[in-house]
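This report concerns only the one structure given below.
The values are calculated or read from the model by the stated rules, or taken from the named source; none is laboratory data. The structure presented is a predicted model; accordingly, all values stated were derived computationally and were not measured. Backbone-built Cβ (ideal geometry, glycine too); neighbour counts: all protein chains shown. To get the accessible areas, we keep the full protein, side chains included, count just its heavy atoms, and leave off ligands, DNA and RNA. Shrake-Rupley method; radii C 1.70, N 1.55, O 1.52, S 1.80 Å.
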Amino acid sequence: NSAVVAKLMVLPLSSDITQKGYEKKRSKLIGAYLPQPPGVDQALPQERRTPVTPSSSSRYHRRRSSGSRDERYRSDVHTEAVQAALAKHKERKMAVPMPSKRRSLVVQTSMDAYTPPDTSSGSEDEGSVQGDSQGTPTSSQGSINMEHWISQAIHGSTTSTTSSSSTQSGGSGAAHRLADVMAQTHIENHSAPPDVTTYTSEHSIQVERPQGSTARVAPKYGNAELMETGDGVPVSSRVSAKIQQLVNTLKRPKRPPLREFFVDDFEELLEVQQPDPNQPKPEGAQMLAMRGEQLGVVTNWPPSLEAALQRWGTISPKAPCLTTMDTNGKPLYILTYGKLWTRSMKVAYNILHKLGTKQEPMVRPGDRVTLVFPNNDPAAFMVAFYGCLLAEVVPVPIEVPLTRKDAGSQQIGFLLGSCGVTVALTSDACHKGLPKSPTGEIPQFKGWPKLLWFVTESKHLSKPPRDWFPHIKDANNDTAYIEYKTCKDGSVLGVTVTRIALLTHCQALTQACGYTEAETIVNVLDFKKDVGLWHGILTSVMNMMHVISIPYSLMKVNPLSWIQKVCQYKAKVACVKSRDMHWALVAHRDQRDINLSSLRMLIVADGANPWSISSCDAFLNVFQSKGLRQEVICPCASSPEALTVAIRRGYCMAELCNQPPGRGVLSMHGLTYGVIRVDSEEKLSVLTVQDVGLVMPGAIMCSVKPDGIPQLCKTDEIGELCVCAIATGTSYYGLSGMTKNTFEVFPMTSSGGPITEYPFIRTGLLGFIGPGGLVFVIGKMDGLMVVSGRRHNADDIVATALAVEPMKFVYRGRIAVFSVSVLHDERIVIVAEQRPDSTEEDSFQWMSRVLQAIDSIHQVGVYCLALVPANTLPKTPLGGIHLSETKQLFLEGSLHPCNVLMCPHTCVTNLPKPRQKQPEIGPASVMVGNLVSGKRIAQASGRDLGQIEDNDQARKFLFLSEVLQWRAQTTPDHVLYTLLNCRGTIANSLTCVQLHKRAEKIAVMLMERGHLQDGDHVALVYPPGIDLIAAFYGCLYAGCVPITVRPPHPQNIATTLPTVKMIVEVSRSACLMTTQLICKLLRSREAAAAVDVRTWPPVLDTDDLPKKRPAQIYKPSNPETLAYLDFSVSTTGMLAGVKMSHAATSAFCRSIKLQCELYPSREVAICLDPYCGLGFVLWCLCSVYSGHQSILIPPSELETNPALWLLAVSQYKVRDTFCSYSVMELCTKGLGSQTESLKARGLDLSRVRTCVVVAEERPRIALTQSFSKLFKDLGLHPRAVSTSLGCRVNLAICLQGTSGPDPTTVYVDMRALRHDRVRLVERGSPHSLPLMESGKILPGVRIIIANPETKGPLGDSHLGEIWVHSTHNASGYFTIYGDESLQSDHFNSRLSFGDTQTIWARTGYLGFLRRTELTDANGERHDALYVVGALDEAMELRGMRYHPIDIETSVIRAHKSITECAVFTWTNLLVVVVELDGSEQEALDLVPLVTNVVLEEHYLIVGVVVVVDIGVIPINSRGEKQRMHLRDGFLADQLDPIYVAYNM
C-alpha cells in the first residue's frame, strides 16, 4: 500500500500533469485497493471496507487503528458527513490549478518536501478514495417528530454512539454541480475571450465568441495546452494550461444572482444580500425564563471563604488540601490546611506591612495586586491567593510573561495599568526564570506598568507578630478578585467578582455537584481562572476537600496521568477538558489495571464546545469496561462574566432531577439563521450537541436575541444565554459603558416590558433551553461570523476542517478561524499549521478538500485558506492559538504562510452588476452650434503659428539641413552641443561649423563607401552623444533617411540585439552606421548566438571618416518628402515606425522654439534617451533650428552618478531642462537622503523655470510631487515641474512653456471613470484620483475629444479619445505590412458629425478637456488637457474600463515589500504581477493583501497573483511598463516567479 502511495506522490512533482491525468493514474494504481461497490465480487479481505452499520464497537475499532486521528475536534458523525460531502464532489471532480512555487521556497518550508507521506497509520485515504460506494450510516431513529427531537440515549454500550451519528447522505444541491463540459474546450481567438465571471446556467456553458472565429479543441503538447500569445505565437506552457484550468473551474455555476443593491454613494452599486424568502424563521412561542432550584443554605456553611480557611486550618490542620505532582507523576508536595492557613496569614501580613514604609504602605486593603505563577506551582498560587483574601487586597491572576513580546502580553499590561497594579506576587522559581536585563533587573514588559516583584515563599517573609490577626468578616460586596478575559479583538478585560458572589458561587457548585467534606478531586485545568480556579482552589477549601493537581507539563509527558491519579487516590471527582479525554484515549492502550468506578463526576469544562460530544462519547465507549458509568460524565458551560452557567448533575443527582442526558441533532442550515430545526431530512450538514445540564441553583436563565434590544427568544430560536444570580461577575473593571451592556441587561417580552426588575448578565454563549430545562450551547458570541446575513460559528468550521482527510495533516488545535471585513461583508479566513513533512501536493489536496467540505456542510465559501509552517502561529500562554494576534498578522501581511488558497470568486457575491453600455444619442439631436447636449464641445488649440510675430530667421529655410549650413556660415563658432561624462566634465562639444563639416564627411562616406542613392534608409546605432547627431545630419546631407536605433546592451546582447535587428529589417535599412566598438559587438560570438549575423546590411564605421567634402549637398525637391523615421516600442509591446516629413520636422522645431522661447543665448539641459519621440527631437534637432546650446547628459551615466543631471543644471545655471520619469525616479530614490550634502556642494536649483518630464502616459503625479518636495530645499520652485504629452501620431502635443499658467491638478471620481464619465470631486474624498494637466498645447496644435467608438465629438469634461490636428503630425506608419485600414484610421480620421471636414489623427489616449478660470498667453481662458490612459492598455472588465495604473497604485500601497506592480488580463482574468523586495518567505503574505485591496478599491476579483523578483517587470526607455511583454513572458513560463497563486 505504502509503495503505491509513494509511486503516486512522486508523479505530479516530476511532470506537472493535469489534475485529470493525476486522477486517472491514481485510480489505476489504487484501483486494486478500493472497496468494490456492493454486488461486485471482491478479492479484498472484509476488514478494509467501511462497515455499513454504525455499531460502535466496529467503528471504534476502525478509528483506533489510525492512532493519530483527532477525536477532540470531531464527532464521528461529522467525519462521516465530511467524507460523504467530499465523495459527492469527487463524482464530478474538476481540475483546480495548483499554485506554482519556486523550488527554494518549497525546500525552506518543509523538511523534505519530496518524500512520500508516512503511510503507517493505515488511515490514508479513508473517505477520500472510497467514495460513496459503501453508503453512510443512517439515523438510528429514522424520522423524528418535533417533540422528541432530543434522542434519549439508552444505557448500554451498543447504542451510545449511534444516537450521535444521526446523519444521512443526500444531495447537496445543484449549486455545486461542476460544469465539466468546459474542461475540453479551448478558445483559439484571444481578441474576445469568454467572460468567465458571468453566472452560467447549470449544465450548458454558453461561450461568447467573436463572429467568425471557431472554437476548436487544441491539440495537447505533452501536458500543456497549445496556446497562442497575443501576437499569434504559439507557446506550450504550464502557466497557460493552469490558467485555462482556472477559467474552467470558475465556470462552475455560482450561487444565484442577487437582486437588490445598496448605494455606495454613487451609481456603481454593490449588491445587498436579500433575505432568502424560503429561509427558516422561528415559529415557537416566546420562551419562559428558567429558574434553577433553590440554593439551600446548609447550617454549617461558613459565612465567608476566609472563615472556612480559618476553620479548617485550626480544627484539622493535618488534613491534606493540595497535592502537586512533578513531571514524573510523583507527588512533589502536599499542602495541608494548617500550612495553607499559616502561610497565607504570613503573606497577608507582609503585603500590608512590609511593602513601602509604615507611614506610606505600598498596598492598602482594596488595592489590586497581580499574581504571576507558573502552571506547575498551584501551592504557591493558592497561598498567595488566600493571602490576598485575608489582607483584603484584590488578586489579579495572570499568565507568566515568557518574553518581552509575548502575543497578547501588551494587552495584559493595559489591564494591569488600568487596575492600578504596582505589585506582582510571584514564586522564587518563577522570579528566577523571568527575562532579566544585564544588570539583573526585570525589564518592563511592553505596555506594562512599573511593578515591584514580591516573592511569596515563606523563607523570604517575616513572621507576623503574635498579636496580629487578619480581620475575617462575613462575605460582602467588596471585590474579591479580578479574572482576566481576552476578547475577540485581542483586548483584555478584567471581570470583577465580589466576595458575596465568590461565596455564593462556591455554595451553588457545592450543591450542584454534591460536594462533601474531605472528598478527593483531580484537577487537570488551569487553576488561575475559570473552572479550575472555581473547583480546584475555591470550592475545595469551602468543603475541606483534597485536590490532586496535574500540571500541563505532566500531561504532555504522560497523557494518562490524570486517569492514573483517579485510580491511585480513588478520587470522586475529576475536572478535565475534552482534549484531556482525547489524549487519554490515544494513550490508554498500555494500561491494564485502570478502574474508574470511584468517580461520581467527571466535569468536562469545555462541554459546551461543539466538538466535546465526540470526546465524551468516545471516552465512555472505551472506559465503560473500566468501571466508568455513563451518568458520571458532566459537561458544564461557563463564562468569565457569569461564572458557571450550567452543569450536568452527577450520579447522586440523577434520581433527584430524573432527567437523562439529552442530545440534539440540529440542522446546520437552520442554525445559520438562528433557528433550531431537528434534522430529520437527509442532510449532511448537522450539528450534534449535548446538554450542559441544568441552570445553577439560585439562578434564573433566559435567552435573548444576539443583537439589538435584548428581546426574549422564541422556543425554537437560538439566542445569547443570560443569567440572573448572585454568583456572577459584577463589572468589567474600570469600563462602565461596556459593563452596562453586559452586566445590566433587562430582557424584554414581546409586549415590551422587562421580565424581572433584576438585571441579567450576558454569558457570551449562544444556545437555547430545551425540553426539561436542559441547557444547550451551540457556540460563543466571540466565534460568531456573520456572512451575507447568515451566522456561522468559528468552532463549527474548525470541526469540519479537522474532519477532512488526511486527519494527520494539520496539528491538533493548531488551527484558527476568523473573519475579515472586505467589501462590506465578513469573509472567512482559515489559518492552520501544517505538518513539516507534508508535500506541496498534500497541502493543496487537503486545502481543496477543506473548501469543498465547508461549502457542502455549512453552505458558505471560505475566502482564504492559509497554511503556515509548524509552530509559527502566535500562542496563548496555555499553548492554544492566539486568535486576534493571528488575525492581526494576516491583515498586516506578516503571517508568512507556506501555502495560500484564496476563493474570492465563490465568496464575493455582492459585486456591482456588470455595466450595460447605453446606445449613443444620434447626431441630429445633439449638435447645436458648438454645444454637445447642452455642453461646450471639448476642443482646444495652441497659439496660431501664422499670427505669431517673431524674428525667426530659420523660418526662411524649409529644411533643417539648410538651417545648419546657414548657421555654419553666420555663427561658425557658436557651441550647439555639450556632452557631459559621468563626472560632470565636458566629454565633447560641437560648434555649428564642426557639426557641418563632420556631416559633410559622413555624407561622402555614405555615397562612396555605402554606394547609397538618395531616399535610401540608414540605421544609426549609436550611444547617446555627439556621433549620433553628426550621423543624422550626414544622412540629410546625402539625401538618405536616418533611423535612430538604441545600440545593444553589451551585458545583455541576447535580449537587446534582436530588437535592433528587427528595427533594421522593418525599416528596410540599406546600411547601418555605428562606432568601431559597436561594430565589433555586432560581429561577436554572443551576437551570432542571438541573431543571424550574416543578414546584416553593410555596416559603416564612422570612427574612420574620409577627408573630403561632397560635390554638392542634397536638397529635397519637396517639403513633404521623408526626413527621418521614428521607431519606438509602445507600452503594449508593438514596434511602430512613423514617417516624419521635412515640413513636419521644421514645424515641430518651430512650435517648440515658440513654446519654450528658445534662442541662441539660451542653454537647455537634456537628460533623455535620444532614440524616438520628443527625446530625439530635443537631443538632435532643436538646437540646430533655434541655435540654443544643448547640454547633453546621457541617462545611463546617472546610474554611476545620480546627482549628475541636477549638478549640471545648477552649474550651467540652466533655466529649462528636460528629463524622463526614469531619471526623475533615479534622483528621487538615489538622492533622497543626500539633499544636505548636495546643498553643501553648492547645488542650487532656484534658476530652473521649467523642468519638463517627457512622457507618453498619464502624468505620474506621485513621482513629480515627491521630486518637487524633495528638492524644494535646494531652491526648486514647486510649480517648475511639469510633463509633456506625445504619442505615435504626434510626437509632442503638449509641453509646458515659459509663459502661460502653471499646470493644474483636478480630482476625479475613479468609479465614474470606469463608466467613461468624468466626475470632479474634492481632494481627499473616497475613490478620488488626482490628475495633473499634461503641459500646455503647443502652437499650431488643435485638439478635440471624440468618442472612440462612434467618432462623435464630446462635451467639456467628458472622457473620450484625444484627437489632434497639427502641421507636425507624423504622416503615417512605416511598416512592411502596408496595413492601410489602420493607417487611415489613425492618421486620417474625420468626425462622424459636426466638423466633418478637418482631418484628425487619433492619439489612442483617453482624456478630457476642461476650461479653467486661468488666462492663457493669448488672453483667452485656458483649456487644460488631462490624460487618463492609453486605450490599448485599458482593460474591459465587467463591462467597465479600468486603467492598469490605478489598480497598480492600489496594490503598491498594500504592503511595504511591494516595490512595483503590473497588471494585465488574460481570458478575462485579472493577473497581478508584484515585485517583492524582501525575503521569499513574505511572498505568500502578499496574495490576500493584493486580493483585498483590489476588491475594496476597484470591485474586481484578482484571478492570478504572481510574485516575482525585483526588476522582472520590463520597462522601456521612457520608464513605462511593458505589460504585454510581461504577459507573454508569464504565459510562456519565462518569469521564474517566486510564487503564482490562482484565486478560485
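How about the range 1322-1347: which of its residues are in contact with an Asp or Glu (Cβ under 6 Å, 6 or more places away or on another chain) and at pLDDT 90 or above? Full working, then the answer.
At the first step, the residues of the range 1322-1347 found to be in contact with an Asp or Glu (Cβ under 6 Å, 6 or more places away or on another chain) are 1327, 1346.
The one that is in contact with an Asp or Glu (Cβ under 6 Å, 6 or more places away or on another chain) and at pLDDT 90 or above: ALA1346.
So ILE1029 fits all but one of (1) modelled with pLDDT of 90 or more; (2) open to solvent by 20 Å² or more (accessible area, probe 1.4 Å); what number is the exception?
(2)
I need the full set of residues from the range 1052-1081 which are open to solvent by 40 Å² or more (accessible area, probe 1.4 Å) and among the basic types (Lys, Arg), in order please.
ARG1068, LYS1080
Take residues that are buried (at least 16 other Cβ atoms within 10 Å of the Cβ) and tell me which of the strands (runs of 3 or more DSSP E) falling wholly in the range 1370-1479 contain 3 or more.
Working: elements: 1401-1415, 1421-1430, 1435-1437, 1440-1442, 1458-1466, 1469-1476.
Ranges flagged: 1401-1415, 1421-1430, 1440-1442, 1458-1466, 1469-1476.
Among the residues of the range 614-629, is there at least one that is in a helix (DSSP H, G or I), closer than 30 Å to GLY494 by Cα and in contact with a strand residue (DSSP E or B) (Cβ under 8 Å, 6 or more places away or on another chain)? Outline the logic, then answer.
Keep residues of the range 614-629 that are in a helix (DSSP H, G or I), which gives 614-626.
The next check asks that each one be closer than 30 Å to GLY494 by Cα; those that pass are none.
No - not one qualifying residue is present in the range 614-629.
Return yes or no: is ALA1038 over 54 Å from the mean Cα position of the chain (by Cα) and either among the aliphatic types (A, V, I, L, M) or more than 22 Å from PHE1374 (Cβ to Cβ) (or both)? Even if it seems obvious, please write down each step before you answer.
Working: over 54 Å from the mean Cα position of the chain (by Cα): yes; either among the aliphatic types (A, V, I, L, M) or more than 22 Å from PHE1374 (Cβ to Cβ) (or both): yes.
Yes, satisfied.
Specify the residue that is most open to solvent (accessible area, probe 1.4 Å); the eligible residues are those in the range 859-871 that are over 23 Å from LEU1495 (Cα atoms) and modelled with pLDDT of 90 or more.
To start, the set of residues in the range 859-871 that are over 23 Å from LEU1495 (Cα atoms) comprises 868-871.
Now narrow it down to the ones that are modelled with pLDDT of 90 or more: 868-869.
On the way: VAL868: 0, PRO869: 33 Å².
Checking each candidate, the answer is PRO869.
So which residues in the range 974-987 are over 16 Å from VAL1164 (Cα atoms) and touching a Leu at 6+ places or on another chain (Cβ under 7 Å), if there are any at all? Spell out the reasoning first.
Initially, the range 974-987 is screened for residues over 16 Å from VAL1164 (Cα atoms), giving 981-983, 985, 987.
Passing the criteria: CYS982, ALA987.
Any residue at all in the range 445-462 that is of a type in the set (Gly, Ala, Ser) and crowded, with 20+ Cβ neighbours inside 10 Å? Talk me through it step by step, then tell me what you get.
Here is the first cut: in the range 445-462, the residues of a type in the set (Gly, Ala, Ser) are 447, 458, 462.
Checking the rest, the ones that are also crowded, with 20+ Cβ neighbours inside 10 Å come to none.
Looking for residues that are of a type in the set (Gly, Ala, Ser) and crowded, with 20+ Cβ neighbours inside 10 Å, one finds none in the range 445-462, hence no.
Search the range 775-787 for residues being open to solvent by 10 Å² or more (accessible area, probe 1.4 Å) and out of contact with any Cys (no Cβ under 9 Å at 6 or more places or on another chain), and hand back the single one that is nearest to ILE709 (Cα to Cα).
Start the filter on the range 775-787 by keeping residues that are open to solvent by 10 Å² or more (accessible area, probe 1.4 Å), which leaves 778, 780-784, 786-787.
Still in the list and also out of contact with any Cys (no Cβ under 9 Å at 6 or more places or on another chain): 778, 780-781, 783-784, 786.
On the way: ILE778: 21, LYS780: 19, MET781: 16, GLY783: 20, LEU784: 18, VAL786: 18 Å.
The residue in question is MET781.
Are there strands (runs of 3 or more DSSP E) fully within the range 640-710 with at least 3 residues that are at pLDDT 90 or above and out of contact with any His (no Cβ under 8 Å at 6 or more places or on another chain)? List them.
Passing ranges, in order: 643-647, 700-704.
What tally of residues in the range 364-381 results from selecting those that are among the aliphatic types (A, V, I, L, M) and out of contact with any strand residue (DSSP E or B) (no Cβ under 6 Å at 6 or more places or on another chain)?
Counting residues in the range 364-381 that are among the aliphatic types (A, V, I, L, M) and out of contact with any strand residue (DSSP E or B) (no Cβ under 6 Å at 6 or more places or on another chain) gives 1.
Those residues that are assigned to a helix (DSSP H, G or I), under 14 Å from LEU628 (Cα atoms) and of a type in the set (S, T, N, Q), I need them from the range 554-597; list them, please.
GLN564
Scan the range 1324-1346 for residues that are crowded, with 18+ Cβ neighbours inside 10 Å and more than 38 Å from the chain's Cα centre (by Cα) and jot them down.
Answer for the range 1324-1346, where residues must be crowded, with 18+ Cβ neighbours inside 10 Å and more than 38 Å from the chain's Cα centre (by Cα): GLY1335, LYS1336, ILE1337, LEU1338, PRO1339, GLY1340, VAL1341, ILE1343, ILE1344, ILE1345, ALA1346.
Of these, ILE398, ILE442, which one is under 34 Å from the mean Cα position of the chain (by Cα) and of a type outside the set (Phe, Trp, Tyr)?
Checking each option against the conditions leaves just ILE398.
Take LEU305 and tell me if it is open to solvent by 80 Å² or more (accessible area, probe 1.4 Å) and of a type in the set (A, V, I, L, M). Before you say what the answer is, go through the steps one by one.
Numbers: open to solvent by 80 Å² or more (accessible area, probe 1.4 Å): no; of a type in the set (A, V, I, L, M): yes.
Judged against the criteria, LEU305 is not a match.
What number goes with the only condition from (1) out of contact with any Asp or Glu (no Cβ under 7 Å at 6 or more places or on another chain); (2) more than 23 Å from ARG579 (Cβ to Cβ) that GLY861 does not pass?
(1)
Conditions (1) in a loop (DSSP other than H, G, I, E, B); (2) closer than 21 Å to LEU995 by Cα; (3) touching a Gly at 6+ places or on another chain (Cβ under 9 Å); (4) not β-branched (Val, Ile, Thr), marked per residue:
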{"position": "ASN1118", "(1), (2), (3), (4)": "yes, no, no, yes"}
{"position": "TYR1124", "(1), (2), (3), (4)": "no, yes, no, yes"}
{"position": "SER1128", "(1), (2), (3), (4)": "no, no, yes, yes"}
{"position": "VAL1138", "(1), (2), (3), (4)": "no, no, yes, no"}
{"position": "LEU1154", "(1), (2), (3), (4)": "no, no, yes, yes"}
{"position": "PRO1160", "(1), (2), (3), (4)": "yes, yes, yes, yes"}
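Any idea how many residues of the range 387-436 are farther than 19 Å from ASN375 by Cβ, among the β-branched types (Val, Ile, Thr) and open to solvent by 30 Å² or more (accessible area, probe 1.4 Å)?
1
Counting only residues that are open to solvent by less than 10 Å² (accessible area, probe 1.4 Å) and among the hydroxyl-bearing types (Ser, Thr, Tyr), which one in the range 1110-1140 is farthest from VAL1018 (Cα to Cα)?
Here the residue is SER1128.
Can you find, within the range 804-832, the residue that is surrounded by the fewest Cβ atoms within 10 Å (Cβ to Cβ) among those that are not in a strand (DSSP E or B) and not hydrophobic (A, V, I, L, M, F, W, C)? Give the steps one after another, and end with the answer.
We begin by selecting, within the range 804-832, every residue not in a strand (DSSP E or B); these are 804-809, 822-825.
Pick out the ones that are also not hydrophobic (A, V, I, L, M, F, W, C) and you get 805-806, 808, 824-825.
On the way: GLU805: 23, PRO806: 23, LYS808: 20, HIS824: 13, ASP825: 19.
This residue is HIS824.
Got a number for residues in the range 701-723 being open to solvent by less than 20 Å² (accessible area, probe 1.4 Å) and either more than 42 Å from the chain's Cα centre (by Cα) or closer than 17 Å to TYR758 by Cα (or both)?
Matching residues across the range 701-723 total 8.
Here's a check for you: in the range 872-920, which residue that is aliphatic (A, V, I, L, M) and not in a loop (DSSP other than H, G, I, E, B) is farthest from the chain's Cα centre (by Cα)? Before you say what the answer is, go through the steps one by one.
As a first pass, look at the range 872-920 and keep what is aliphatic (A, V, I, L, M): 873, 878, 881, 883, 889, 891, 895, 900-902, 908, 911.
The next check asks that each one be not in a loop (DSSP other than H, G, I, E, B); those that pass are 881, 883, 889, 891, 900-902.
Numbers: ILE881: 20, LEU883: 17, LEU889: 10, LEU891: 7, VAL900: 10, LEU901: 11, MET902: 9 Å.
Residue satisfying both the conditions and the ranking: ILE881.
Can you tell me which residues in the range 435-470 are among the β-branched types (Val, Ile, Thr) and more than 28 Å from TRP341 (Cβ to Cβ)? Walk me through it before giving the result.
In the first step, residues of the range 435-470 are kept if they are among the β-branched types (Val, Ile, Thr); the result is 439, 442, 455-456.
Matches in the range 435-470: THR439, ILE442.
Hey, any hits in the range 302-322 for a residue that's at pLDDT 90 or above, of a type in the set (Val, Ile, Thr) and more than 30 Å from VAL775 (Cβ to Cβ)?
If we filter the range 302-322 for residues that are at pLDDT 90 or above, which is where we start, we get 302-322.
Keeping just the survivors that are of a type in the set (Val, Ile, Thr) gives 314-315.
Narrowing further to those that are more than 30 Å from VAL775 (Cβ to Cβ): 314-315.
So far as the range 302-322 goes, yes, one or more of its residues are at pLDDT 90 or above, of a type in the set (Val, Ile, Thr) and more than 30 Å from VAL775 (Cβ to Cβ).
Which ones in the range 1210-1257 are charged (D, E, K, R) and more than 42 Å from the chain's Cα centre (by Cα)?
LYS1213, ARG1215, ASP1216, LYS1239, ARG1241, ASP1244, ARG1247, ARG1249
Applying the selection to the range 1082-1097, what residues are touching a strand residue (DSSP E or B) at 6+ places or on another chain (Cβ under 9 Å) and open to solvent by less than 80 Å² (accessible area, probe 1.4 Å)? Show your work before the answer.
Taking the range 1082-1097 as the starting set, the residues that turn out to be touching a strand residue (DSSP E or B) at 6+ places or on another chain (Cβ under 9 Å) are 1082-1083, 1096-1097.
Passing the criteria: LEU1082, TRP1096, PRO1097.
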